[in-house]
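Engineer: If you scroll down you'll find the structure; I have some questions about it.
The values are calculated or read from the model by the stated rules, or taken from the named source; none is laboratory data. These numbers were taken from a predicted model, which means no experiment stands behind them. Virtual Cβ from ideal backbone geometry, glycine too; neighbours counted across all protein chains shown. All accessible areas refer to the heavy atoms of the entire protein, side chains included, with ligands and DNA or RNA removed. Shrake-Rupley method; radii C 1.70, N 1.55, O 1.52, S 1.80 Å.
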Amino acid sequence: MEFRRYYQSGGCYFFTVVTQNRQPILTCPDNINRLRKTLLHIKSKRPFIIDAIVILPDHLHTIWRLPEGDADFSTRWRMIKHDFSITVQNDVKSRSQQQKGEKGIWQRRFWEHVIRNEADWHRHIDYIHYNPVKHGYVDSPTTWPYSSFSHAVNKGWYPQDWGQQEPGSIKSMHLE
């Protein structure tokens with residue numbers, strides 16, 4: 001199967017990355033810390049800016065901005081998945097994963113969307129920060145600890161009580 005991605009130099013992208021078989025491996029604080037350290041390590045090697053992120057038990061959403069002249073988000077995700085996976089124990093692997101030397105932590109692919117304009121960026125930022133409420137983990141984005149929501153509040157992007165109800169701009173988005 002030929003899988004096509006849209007690479008835009010210096011682009012801004014929304015990503016969804018899912019664990020293999022939706023395993024809830026991102027519920028463990030140690031794994032959350034491993035993922036944070038992995039992201040920081042890869043950012044130091046291959047710079048990018050994280051505008052927003054939310055980490056849920058079986059998937060994450062994030063918005064990245066790549067440097068001018070750079071469109072290679074795929075290598076970054078491969079490095080992140082690899083570096084994180086070598087630190088996590090997982091004995092449940094398919095025959096195909098065993099043959100390919102895969103750990104069975106992440107789904108093989110990820111979903112990306114090029115952010116087209118400021119309105120699109122705002123919709124996706126809202127989607128990211130509202131996601132823990134949407135999935136029923138919390139009643140308010142403020143109480144989900146694995147999100148950039150508090151940073152967004154500190155930047156003045158949101159009032160502290162934002163997200164008590166589903167924002168109108170994301171009701172029709174179906175990204176997962």
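Engineer: Can you pull out every residue in region 30-89 that is among the hydrophobic types (A, V, I, L, M, F, W, C), in a loop (DSSP other than H, G, I, E, B) and at pLDDT 95 or above?
Structural biologist: Passing the criteria: Phe48, Leu66, Ala71.
Engineer: Scan region 44-57 and report the pairs whose first residue is farther than 16 Å from Arg123 by Cβ and whose second residue is open to solvent by 70 Å² or more (accessible area, probe 1.4 Å), with Cβ atoms within less than 6 Å and a gap of 6+ or a chain change.
Structural biologist: Ile49/Arg65; Pro57/Pro24; Pro57/Thr27
Engineer: Give the residues of region 2-22 that are under 17 Å from Ile86 (Cβ atoms) and modelled with pLDDT of 95 or more, sorted by residue number.
Structural biologist: Matches in region 2-22: Val17, Thr19.
Engineer: Can you work out which of the residues in region 2-29 that are within 16 Å of the chain's Cα centre (by Cα) and assigned to a helix (DSSP H, G or I) is farthest from Pro132 (Cα to Cα)?
Structural biologist: Per the stated criteria, the residue is Gln20.
Engineer: Working only within region 35-56, note down all residues that are over 22 Å from Ser9 (Cα atoms) and crowded, with 19+ Cβ neighbours inside 10 Å.
Structural biologist: Matches in region 35-56: Leu35, Thr38, Val54, Ile55, Leu56.
Engineer: Return only the number of the condition from (1) touching a Ser or Thr at 6+ places or on another chain (Cβ under 9 Å); (2) without any contact (Cβ under 8 Å) to a residue 60 or more places away in the chain; (3) surrounded by fewer than 17 Cβ atoms within 10 Å (Cβ to Cβ) that Leu60 does not satisfy.
Structural biologist: (3)
Engineer: I've got another one for you. So, in region 114-150, of the ones that are over 16 Å from Phe15 (Cβ atoms) and among the aromatic types (Phe, Trp, Tyr), which residue ends up surrounded by the most Cβ atoms within 10 Å (Cβ to Cβ)?
Structural biologist: Within region 114-150, the match that is surrounded by the most Cβ atoms within 10 Å (Cβ to Cβ) is Phe149.
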